[in-house]
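The structure appears below as structure tokens.
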Amino acid sequence: MNVIVTGASRGIGRGIATVLAMDGFTVGLLARSGDLLNDVREGIESQGGKSVLATCDLGDYDITVAAIDDLSEQMGGIDALINNAGSVVRKSVLELSVDDWHAMVDTNIHGVFHATKAVLPHLQARGGGRIINLSSISGKYPLPGGSGYAATKYAVTGFSQSIFHELRDQNIQVSTIYPGSVDSQSERHADDSDSSWKVSPEEVGQACAFILKSHSGTVIHEMEIRPLKKGS
Ligand SMILES: NC(=O)c1ccc[n+]([C@@H]2O[C@H](COP(=O)([O-])OP(=O)(O)OC[C@H]3O[C@@H](n4cnc5c(N)ncnc54)[C@H](OP(=O)(O)O)[C@@H]3O)[C@@H](O)[C@H]2O)c1
């Protein structure tokens, strides 16, 4: 099965891509940073997995279409898309800048739509396929300290749940994953001294593998993944 993972250069996307490649999937790696994507591809290849890559800013529709067409050609078609790329700015509305807001809307809302729209003709050409959208606990329960991020993740939830209905007759299975705190090792978590209580990116990858391998006549519609314990 050929799967595109957006935001595969680091964090959760890197974990998802690596787990899927080790599980026998051919993975199309997509993000803006070509050098980081190359590192991911080399890591996958050194462990015997298969991946190809393309760089693109998902905020630009034409560039996204070109990158996804390129990945399809390199892989020999597309069976699934994992919309993982996201911009996460956790600030209150008092601190959130206009640029912060636009960066999150461009990637988290426009990017998810652009990648989905670009992939659909490829899935239809195969007679069906799968789409997994990464929302967040913040896209299900309103919490303080990240209102802009929550707004974009509520949009992902709404889009994902709606296209589940729109695409099921096309044999396209749409799933929404809602992670809680994940140890993505990004700079924004640098002040967290202990992140061992968080979910690992690889566990989100295992959840994606489970969804992708589920029966073709069944949809795992939603999955919430949270750490057992709360952070200190
Ligand atoms: N970490 C958590 O605790 C958590 C919890 C719930 C949900 N999530 C969701 O999980 C997803 C991944 O989060 P993360 O923590 O792994 O984030 P991250 O470490 O910041 O990684 C974000 C990824 O998205 C890519 N990206 C960002 N903007 C892009 C754009 N415009 N075009 C193409 N690629 C872009 C980045 O690559 P480049 O910079 O190379 O483009 C990077 O690979 C996000 O959707 C996030 O909302 C995370």
For q values of 0.09, 0.12, 0.17, 0.18 Å⁻¹, compute log₁₀ I(q)/I(0) with the Debye formula on a Cα-only model of the stretch 19-141, without solvent.
-0.28, -0.50, -0.93, -1.02
From largest accessible area down, sort Val40, Val89; use a 1.4 Å probe on the protein chains.
Val89, Val40
Furthest towards positive pole of dipole, Gly139, Gln161, Ser46, structure part the stretch 2-225, Cβ charges:
Gln161
Projected convex hull area of the stretch 122-232, Cα atoms, direction-averaged, in nm², equals 8.0
How much of Arg168 can a 1.4 Å solvent probe reach, expressed as accessible area in Å² and rounded to 10?
130
Place a +1 charge on the Cβ of each Lys and Arg in the stretch 2-225 and a -1 charge on the Cβ of each Asp and Glu, then give the dipole magnitude about the Cα centre in debye, rounded to the nearest 20.
560
Within straight-line cross-link reach of Lys230, lysines at Cα separation under 28 Å, skipping those fewer than 8 residues along the same chain:
Lys91, Lys140, Lys153, Lys198
So which residue, out of Tyr149, Tyr178, Tyr141, gets the largest mean-square fluctuation from a GNM of the chain using Cα contacts under 10 Å as springs?
Tyr141
Ignoring ligands, DNA and RNA, what accessible area per residue does the chain give at 1.4 Å, in Å²?
48
Sparse-neighbour loop sites [GluC sites (Glu not before Pro); the stretch 1-78; at most 10 other C-beta within 10 Å; DSSP]:
none
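With 29 Å as the cut-off, how large is the P(r) tail for the chain, expressed as percent of Cα-Cα pairs?
It works out to 21 percent of all Cα pairs.
Give the carbon-plus-sulfur fraction of the accessible surface of the chain in %, rounded to a whole number; probe 1.4 Å, heavy atoms of protein chains only.
Details: 5500 of 11120 Å².
That share works out to 49 percent.
The values are calculated or read from the model by the stated rules, or taken from the named source; none is laboratory data. On a predicted model such as this, the values are computed, not experimentally measured, just so you know. A quick note on method: Cβ atoms are made from the backbone with ideal geometry, for glycine too, and the neighbour counts reach across all protein chains shown. Remember, those area values only see protein heavy atoms, side chains included, never the ligands or the DNA or RNA. Shrake-Rupley method; radii C 1.70, N 1.55, O 1.52, S 1.80 Å.
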